[in-house]
Amino acid sequence: MDDGQRADGTTTCQSLRVEPTARVDGRIRVPGDKSISHRVLMCGAIAEGTTRARGFLPGADCLATMAALRAMGVDIAQPDATTVYITGVGLHGLAAPSAPLDMGNSGTAMRLFAGLLSGQAFDSELVGDASLMQRPMERVATPLRAMGAEISTQAGRPPMRIRGGRTLTGIDYAMPMASAQVKSALLLAGLYANGPVYITEPAVTRDHTERMLAQFGCPTCRRDGRVGLVPGDRLTATRIDVPGDLSSAAFFLLAGSIAGAGEIVLENVGLNPTRTGILEIFRRMGADIQVTPATDAGAEPVGTIVIRPARLRGIRVPPELVPLAIDEFPLVFVAAALADGQTVIAGAGELRHKESDRIGVMAAGLRALGIDVEEHEDGATINGGRLSGGEIDSAGDHRVAMAFAIAAAAATGPVRIHDTANVATSFPDFVAQARSIGLRLEAMND
Ligand code: S3P
């Protein structure tokens, strides 16, 4: 067995073996927010001046964004893993890349770059790993074309080929699905447009792009579910402290809830209200979660979360909470499997378009551990029960892998989770942090 330790102290693992654990205890500072880390790199790159970001997430997804920007001539220094200095080249200073830009596993990188690159003078091509090459891109290409961009996809999927030198116009666009990535792509393209961009969201989605653009001196406006951007002539470099990622903290919210004993304290966690749906869902299920907001928060609210064990009960998850907890649904599936009674998830069809088909993959994994799950097109009905030991295929999905790693603490026997290397896309330190609170995880390279 290889414990997967890398020179930088993080762990790569092809699979995880997890033993049941009754008690978890400790304080954790989860890594930086992935969404915000992508955005600070992109906005810093096209700003004027040098932007400093602390608390940056050095996960593979954000490193793909960093590499792409460097390939377009942006100087980015990383004196330590979580600090970056981005020397902005200005709105029109990016250089043509000499090869296709590889977005790795990251849908956020690909879709936001599609917007940013639509307004450039040069041609570009966006590619990714096997999972990303299967994900839908017309949702972003279609409205960008309506702004004048020239973009091709392959039957709706990557590669995306973007023709440079186009004049972009403003747009007034009603998004058919709730997607912060689509909204953000249009806002980034809007920086290059000759008129305002208005986007109507069918439901509120994460607003990190809006907050970040305001920090770079380019505020957006919001009225009645409609976001507007009037293009300015520049972004101005700034200093950003990236909060801890609530989507990473959420794994420990679940670990603390399903444990038999102990207490977990999560420090410096982002509490942006467009992201906190998971707190509401877990509370409705009976979780004991206490949140103390920090008083000196900047553009993004942060705070401390304390979580203690609680008996969870099944609920009907309110569909309006789905976009506010979209990345945490693997954990909602697990919480439901361990709760008393039945949980119904509906209105969550977007989960089928994530790093894996998260409805299908979670349902299959829970069934493999003895849980009764009925899958629907847009969700699932899960009857709470007892998790057995067993083998799980995470389908290369980081959040599925970590959700089952937490679930396994409450199983009746060891659980082996396969295809887990992509944990490094969002949470390179997951194994070490999980162990620090007492979870019995072993990373294996098989
Ligand atoms: C993200 C938006 C969400 C989320 C993803 C990150 C972002 O995707 O699932 O992990 O940073 O804008 P959608 O826009 O597809 O909902």
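The values are calculated or read from the model by the stated rules, or taken from the named source; none is laboratory data. These numbers come from a predicted model, not from an experiment. Glycine gets a Cβ as well: all are built from the backbone with ideal geometry, and neighbour counts include every protein chain shown. SASA here: full protein model, heavy atoms, side chains in, ligands and nucleic acids out. Shrake-Rupley method; radii C 1.70, N 1.55, O 1.52, S 1.80 Å.
Miscellaneous remarks
- Residues of segment 69-87 that are in contact (Cβ under 8 Å) with a residue 24 or more places away in the chain and within 19 Å of Asp33 (Cβ to Cβ): Leu69, Ile76, Ala81, Thr82, Thr83, Val84, Tyr85, Ile86.
- Candidate set from segment 353-367 (those that are surrounded by fewer than 23 Cβ atoms within 10 Å (Cβ to Cβ) and either more than 11 Å from the ligand (Cβ to nearest atom) or of a type outside the set (Lys, Arg) (or both)); member that is nearest to Pro176 (Cα to Cα): His353
- Qualifying residue in segment 284-292 (condition: loosely packed, with under 15 Cβ neighbours inside 10 Å and β-branched (Val, Ile, Thr)): yes
- Of all residues making up segment 383-430, the number that are aliphatic (A, V, I, L, M), within 23 Å of the chain's Cα centre (by Cα), more than 18 Å from Leu253 (Cβ to Cβ) and open to solvent by less than 10 Å² (accessible area, probe 1.4 Å): 2
- Close contacts from segment 121-144, counting a first residue that is under 19 Å from Ala421 (Cα atoms) and a second that is aromatic (Phe, Trp, Tyr), with Cβ to Cβ under 7 Å and a gap of 6+ residues or different chains, come to none at all.
- Subset of segment 298-328 (residues that are of a type in the set (Gly, Ala, Ser) and buried (at least 16 other Cβ atoms within 10 Å of the Cβ)): Ala299, Gly303, Ala310, Gly314, Ala325
- Of the criteria (1) in contact with a Gly (Cβ under 9 Å, 6 or more places away or on another chain); (2) β-branched (Val, Ile, Thr); (3) under 28 Å from Asp129 (Cα atoms), which one Ile162 fails: (1)
- Screening Gly190 with (1) within 16 Å of the ligand (Cβ to nearest atom); (2) within 29 Å of Ser356 (Cα to Cα) gives one miss only, at (2).
- Once segment 129-144 is narrowed to residues that are among the charged types (D, E, K, R) and open to solvent by less than 40 Å² (accessible area, probe 1.4 Å), the residue that is nearest to Ala185 (Cα to Cα) is Arg139.
- Scanning segment 208-217 for residues that are in a loop (DSSP other than H, G, I, E, B) and buried (at least 23 other Cβ atoms within 10 Å of the Cβ) yields one hit, Phe216.
- Residues being touching a Leu at 6+ places or on another chain (Cβ under 8 Å), without any contact (Cβ under 8 Å) to a residue 40 or more places away in the chain and either closer than 16 Å to Leu112 by Cα or in a loop (DSSP other than H, G, I, E, B) (or both) - total across segment 162-201: 3
- Residue count, segment 218-239 (criterion: open to solvent by 50 Å² or more (accessible area, probe 1.4 Å) and of a type outside the set (D, E, K, R)): 4
- Remark: Met147 falls outside the filter, which requires a residue to be closer than 17 Å to Thr65 by Cβ and crowded, with 19+ Cβ neighbours inside 10 Å.
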